[in-house]
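Novice: One structure is given below, represented as structure tokens, and several questions about it will come after.
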Amino acid sequence: MSAQRSVMGHSAIMAAGTIVSRFSGLIRSILLAAALGTAAHADLFTIANTIPNMLYILLAGGVFNAVLVPQLVRAMRNDADGGEAYTNRIITLAALFLGVVTVLLVVCAPWVMELYLDQGHQGEARQSVIDFARYCLPQVFFYGMFVLIGQVLNARGSFGPMMWAPIANNVISVGVLVVYLLVFGPSSVGAYSTSQELLLGVGSTLGIAAQFLILLPYLRAAGFTYRPRFDFRGSGLGHTLRLGTWTVLFVVVNQVAYTVVVRLASSGTADAGDGTGYTIYSGAFLLVTVPHGIITVSLATAVLPLLSRAAADHDLAGLSRSLAETLRACLAFIVPFVMLLPLLAGDVARVVWGYGAASETYTSYAPTVALFAPGILFFTIHYLMLRGFYSLERTRTVFWVQCVIAVVNIGLAVVLVGLTSAKFTSPALALSYGGAYAVGAATSYLVLRRVLGGLDTLRNVRFLVRTALAGGLAASAAYGVARLLDPMLGGSTPNLVQSLGFLAAIAVVDGVLFLLLARLMRITEVTVLIATVARRLPGGSRFAERIKE
């Protein structure tokens, strides 16, 4: 229990940073829609600015995110120098690799964009995408180094900086979009001028560079000083890279599927009509993954070193117990959100995106938001199961599970997009995502349960049923309140202050009712989690004790 409280404590610190980061990211999404609209014009920039992160994940993300933490923990425990030399070699090798790859990608930008863009985008529009790509592709280097340094800090028990650093990126991105609106004004049609491309492209890359550079001072504070080392032979990196082979294959499969999704999404806006495309798909995904980023990623990041230590000690029972507790803690927040969001998708779309160039088209977000909600529940379960596999170094199993998910996702996406009109391209892709991760969550859970000899399944099921019941009742009541408060929005064009008050009121109603129902139904995972977070807030200790009574 003390270990679990430690995980909760670290997670509360990370969640605080992630809350600010995610909401500043939402402000960026709001401004992006207000400046560029929701259709083909916006897709040109959104796709080009998304490709660097996709390519970083394809080239190195899997190894950096999952394989290195267990290896860094082992090096710190087993090496005489506390893992100093191993960490220095990893950073040096990664910087060399990412630097070379980034230069090649910038040179090959036209051919890179051919993979992701539907052939319907031609002429000036296609040239704008290529220009944006050249400005944005240097982000590959900064994404990679940010994640690597963040994982080094995590392995040394410093969890907060990696969760807070993206706020710098969002602040710069918000500033860039404000300048864009002031200089160029809102526009949702046509290609971009050279000045517009330069401002948006270079500004986006500066934001990613800033979130990496902010982490550097924290390395010394965590007791680590970087010194370049090039003696890679016989250093133990071979074992890490062999473990990374299956993770790289996992990421390749995942990114192949996502490449298909991006290309299909770009087809929705290729004719410049009323179709929905990648801007709506990515904006809706950003919104619905806010709880995942705040809760699941924070808990999973904090628990991974604990799982790795249990695996290293061959304590499968302890690993299973910690993972099951973490799963229930995550679902305590995710389930109520998933129950409420589809009921209020239209209201959320109006409040979040109904401004500027998107003021006439924000309703296009609602179906995608609603259909993404159940997919996030399934993704949360799958995401946590992967942490268990990674702690056991069973990367081959993860690869095969991801193959199943990718095949289902591609198959559903191609079929559903083919069956519908351009207007419903984005909702079809959201539905494909949910179907793929429903299969993936079931597969990964069942396989890991067999490996560990159990995952406290009966308790998990009882918890999920009671939480879904409480969440459903709270969401229904909150929906009723939303309809009673409709007049405060003042018609179809939202007033920002009234809109925020409207959503805040609904969120409070849903949250309070869910918490009361959780206490009545004795869902202890909910009350313990709320109490842990409350203790991190000024004056929250007394509230935490009352919650647990």
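The values are calculated or read from the model by the stated rules, or taken from the named source; none is laboratory data. These figures come from a predicted structure and were not determined experimentally. Heads up, the Cβs are rebuilt from the backbone with ideal geometry, glycines too, and the neighbour counts pull from every protein chain shown. To get the accessible areas, we keep the full protein, side chains included, count just its heavy atoms, and leave off ligands, DNA and RNA. Shrake-Rupley method; radii C 1.70, N 1.55, O 1.52, S 1.80 Å.
Novice: Largest first, how would TRP353, TRP111, TRP164 line up by accessible area (1.4 Å probe)? Let's see the in-between values first.
Specialist: Values: TRP353 0, TRP111 175, TRP164 110 Å².
From most exposed to least exposed: TRP111, TRP164, TRP353.
Novice: A further question on this structure: Mind running the shape call on region 310-428? Use the C-alpha gyration tensor, a ≥ b ≥ c as the square roots of the eigenvalues: rounded below 1.5 for a/c, prolate if a/b tops b/c, oblate otherwise.
Specialist: oblate
Novice: Using a 1.4 Å probe over the heavy atoms of the protein chains, calculate the carbon and sulfur portion of the accessible area of region 148-307 as a whole percent.
Specialist: With neighbouring chains kept in place, the figure for region 148-307 is 67 percent.
Novice: Reported to two decimal places, what Rg/Rh ratio describes region 254-327 when computed on Cα atoms with Rh from the Kirkwood expression? It would help to have the intermediate numbers written out before the result.
Specialist: Values: Rg = 19.2 Å, Rh = 15.3 Å.
Rounded to two decimals, Rg/Rh equals 1.25.
Novice: Quick check: with the 1.4 Å probe, what order do THR279, THR457 take by accessible area, largest first? All intermediate terms of the calculation are to be shown ahead of the outcome.
Specialist: Working: THR279 5, THR457 35 Å².
Largest accessible area first, the list is THR457, THR279.
Novice: Another question, then. How high is the FRET efficiency from ARG462 to ASP79, r the C-beta distance, R0 35 Å, rounded to 0.05?
Specialist: Numbers: r = 44 Å, r/R0 = 1.25.
Using R0 = 35 Å, I get an efficiency of 0.20.
Novice: Could you tell me whether region 408-526 comes out rounded, prolate or oblate from its Cα gyration tensor? Rule is a ≥ b ≥ c as square roots of the eigenvalues, rounded for a/c under 1.5, then prolate if a/b exceeds b/c, otherwise oblate. Numbers along the way, then the final one.
Specialist: Details: a/c = 3.56, a/b = 1.16, b/c = 3.06.
Judged from the Cα gyration tensor, region 408-526 comes out oblate (a/c at least 1.5, b/c at or above a/b).
Novice: Next question, about the same structure. Could you state the number of Å between the C-alpha centres of region 139-155 and region 359-425?
Specialist: The distance from the Cα centre of region 359-425 to that of region 139-155 comes to 25 Å.
Novice: For region 76-121 and region 500-516, what is the separation of their Cα centres, given in Å?
Specialist: Here the two parts' Cα centres lie 43 Å apart.
Novice: How much FRET efficiency would the formula 1/(1 + (r/R0)^6) give for ASP274 and ALA505, where r is the Cβ-Cβ distance and R0 is 22 Å, rounded to 0.05? It would help to have the intermediate numbers written out before the result.
Specialist: Working: r = 32 Å, r/R0 = 1.47.
For R0 = 22 Å, the calculated efficiency reads 0.10.
Novice: So if each residue of separation counts as 0.36 nm, and I subtract the Cα-Cα distance between ALA222 and VAL100, what length gain in nm does that give? Intermediate values should be presented prior to the final figure.
Specialist: Details: separation 122, 0.36 × 122 = 43.92 nm, distance 2.90 nm.
Gain on extension, ALA222 to VAL100, equals 41.0 nm.
Novice: Using each residue's phi in region 20-25, evaluate 6.51 cos²θ - 1.76 cosθ + 1.60 at θ = phi - 60° and report the 3J(HN,Hα) Karplus result to the nearest Hz, with x for Gly and Pro.
Specialist: Coupling constants for region 20-25: 4, 5, 5, 6, 5, x Hz.
Novice: Same structure, new question: Find the centroid of the Cα atoms in region 156-224 and in region 325-353, then give the distance between the two in whole Å.
Specialist: 27
Novice: On to the next question. Return the FRET efficiency for the residue pair VAL407, TRP111: r is the Cβ-Cβ distance, R0 is 30 Å, and the value is rounded to the nearest 0.05.
Specialist: Values: r = 26 Å, r/R0 = 0.88.
Plugging the Cβ-Cβ distance into 1/(1 + (r/R0)^6) gives 0.70.
Novice: Checking the a/c ratio against 1.5 first, then a/b against b/c, what shape does the Cα gyration tensor give for region 145-229? Spell out each step's value before the answer.
Specialist: Working: a/c = 3.90, a/b = 2.83, b/c = 1.38.
Prolate, because a/c is 1.5 or more and a/b exceeds b/c.
Novice: With +1 on each Lys and Arg Cβ and -1 on each Asp and Glu Cβ, and nothing else charged, work out how big the dipole of region 246-365 is about its Cα centre, in Debye to the nearest 20. Display every interim value, and only then the final one.
Specialist: Details: 5 positive and 7 negative charges, 48 e Å.
Rounded to the nearest 20 debye, it is 220 debye.
Novice: Hey, another quick one. Can you tell me the mean projection area, over all orientations, of the convex hull of region 338-497's alpha carbons? Units nm², please. Please report the intermediate quantities before stating the final value.
Specialist: Working: hull surface 47.7 nm².
That works out to 11.9 nm².
Novice: If you don't mind, there's one more thing I want to ask. Spin-label point model (7 Å from Cα, Cβ direction): what's the ARG450 to MET521 distance in nm?
Specialist: Taking the simple label geometry, ARG450 and MET521 are separated by 3.2 nm.
Novice: Could you please put MET76, MET162 in sequence from largest to smallest accessible area, using a 1.4 Å probe? Don't skip to the answer; put the middle values down first.
Specialist: Numbers: MET76 65, MET162 25 Å².
The ranking, largest first, comes out as MET76, MET162.
Novice: A follow-up question, please. Just how much of ARG483 is accessible, in Å², when a 1.4 Å probe is used and the result is rounded to the nearest 10?
Specialist: The accessible area of ARG483 comes to roughly 80 Å².
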